[in-house]
Amino acid sequence: MRTKLPVLFAMLATFSLPAFAQNTFLANSEVSAAFMGNFQSKTSGQNVSDAASYSGGPLLNYRYHFTEHIALEANYTRTRYTQFYENGADLVTSWTQATAQEVTLGVVWKFSPIWHDRLSPYAEGGLGAVFWSPIGAGSVGGPFNQNRAGFFYGGGLEHHLFGHFSVRAGYRGLFYTAPDFNQSGQFTNARTQMKEPYAGISFRF
């Protein structure tokens with residue numbers, strides 16, 4: 001099972017280039033760690049329906065702030081869940097359990113702070129991909145690894161605690177084509193959405 005962490009590190013390095021050039025990296029960088037829930041919407045196509053079990057896992061985030069309002073971000077998540085496939089009679093005919101890794105790049109717009117300048121709303125959006133690695137013991141048949149490109153949107157609130165620390169809570173929606181793991185009975189060719197609420201802590205340096 002191959003990890004996608006090298007992909008994330010490469011993106012972070014790309015983000016860091018303009019920061020080092022301006023010698024302002026330490027003032028404008030922010031990292032966060034959060035717990036995120038994963039709730040995939042049910043979707044149907046080709047007389048097959050796909051619904052996934054609910055799950056959760058870590059969300060790691062890096063932001064580089066160009067101004068107090070605009071930032072670029074990279075995100076990495078990892079979780080495990082099972083895709084259940086139904087036929088036209090709503091009977092489950094197959095399922096695939098897989099580890100899912102998600103890597104996204106986005107733009108963040110941070111609104112002016114409110115509530116004594118301690119609460120900052122923000123909106124985010126961008127592109128990314130999901131990488132599934134099936135687990136044979138939790139699957140039917142012989143599914144293969146699969147990758148899907150997608151795009152996401154979201155928003156949230158950041159509350160300054162003290163010093164360089166803040167707490168963050170938000171919601172992300174990731175759109176992509178439902179996975180089929182190259183199994184004919186699991187092919188829908190339909191778009192679905194992963195709903196991702198999250199909460200965690202951030203550190204700006």
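Taking region 64-98 only, how many residues are acidic (Asp, Glu), touching a Gly at 6+ places or on another chain (Cβ under 7 Å) and at pLDDT below 95?
The number of residues fulfilling the criteria is 0.
Could you tell me whether Thr177 is modelled with pLDDT of 95 or more, touching an Asp or Glu at 6+ places or on another chain (Cβ under 6 Å) and surrounded by fewer than 20 Cβ atoms within 10 Å (Cβ to Cβ)? Walk me through it before giving the result.
On the way: modelled with pLDDT of 95 or more: yes; touching an Asp or Glu at 6+ places or on another chain (Cβ under 6 Å): no; surrounded by fewer than 20 Cβ atoms within 10 Å (Cβ to Cβ): yes.
Here the answer is no, as Thr177 does not meet what is asked.
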Checking the condition modelled with pLDDT of 90 or more, within 24 Å of Phe181 (Cα to Cα) and in contact with a strand residue (DSSP E or B) (Cβ under 7 Å, 6 or more places away or on another chain), which residue from Gln46, Gln40 passes?
Gln40
Being surrounded by 17 or more Cβ atoms within 10 Å (Cβ to Cβ), over 23 Å from Gln97 (Cα atoms) and small (Gly, Ala, Ser): is that true of Gly156 here?
yes
Look at region 177-201 and say how many of its residues are touching a Phe, Trp or Tyr at 6+ places or on another chain (Cβ under 8 Å) and not in a loop (DSSP other than H, G, I, E, B).
13
Please give the number of the condition Met194 fails out of (1) surrounded by 14 or more Cβ atoms within 10 Å (Cβ to Cβ); (2) more than 22 Å from Ala51 (Cβ to Cβ); (3) of a type in the set (A, V, I, L, M, F, W, C).
(2)
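Say we look at region 95-137 and pick out the residues that are assigned to a loop (DSSP other than H, G, I, E, B) and touching a strand residue (DSSP E or B) at 6+ places or on another chain (Cβ under 6 Å); which of these is nearest to Thr77 (Cα to Cα)?
Ile135
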Which of (1) in contact (Cβ under 8 Å) with a residue 40 or more places away in the chain; (2) loosely packed, with under 15 Cβ neighbours inside 10 Å; (3) not basic (Lys, Arg) does Thr67 not meet, given it meets every other one?
(1)
Close pairs (6 angstrom Cβ cut-off, 6 or more residues apart or separate chains): of a type in the set (Ser, Thr, Tyr) in region 92-110, surrounded by fewer than 20 Cβ atoms within 10 Å (Cβ to Cβ) anywhere
Thr93/Asn87; Thr93/Gly185; Ser94/Val140; Ser94/Gly185; Thr96/Ser139; Thr99/Arg80; Thr99/Ser133; Thr104/Gly126
What are the residue pairs meeting all of these: first residue in region 156-167, first residue touching a residue at least 24 places away in the same chain (Cβ under 8 Å) and farther than 20 Å from Trp109 by Cβ, second residue among the charged types (D, E, K, R) and assigned to a strand (DSSP E or B), Cβ atoms under 6 Å, and 6 or more apart or on different chains?
His164/Arg204
Among the residues of region 43-58, which ones are of a type outside the set (S, T, N, Q) and either touching a residue at least 40 places away in the same chain (Cβ under 8 Å) or within 20 Å of Arg168 (Cα to Cα) (or both)?
Gly45, Val48, Asp50, Gly56, Gly57, Pro58
Would you tally the residues in region 24-64 being surrounded by 21 or more Cβ atoms within 10 Å (Cβ to Cβ) and assigned to a loop (DSSP other than H, G, I, E, B)?
0
Name the single residue, out of those in region 138-164 being at pLDDT below 95 and part of a strand (DSSP E or B), that is farthest from the chain's Cα centre (by Cα).
Phe162
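The values are calculated or read from the model by the stated rules, or taken from the named source; none is laboratory data. None of the values given here were measured: they were computed from a predicted structure. FYI the Cβ positions are ideal-geometry reconstructions off the backbone, even for glycines, and counts take in every protein chain you see.
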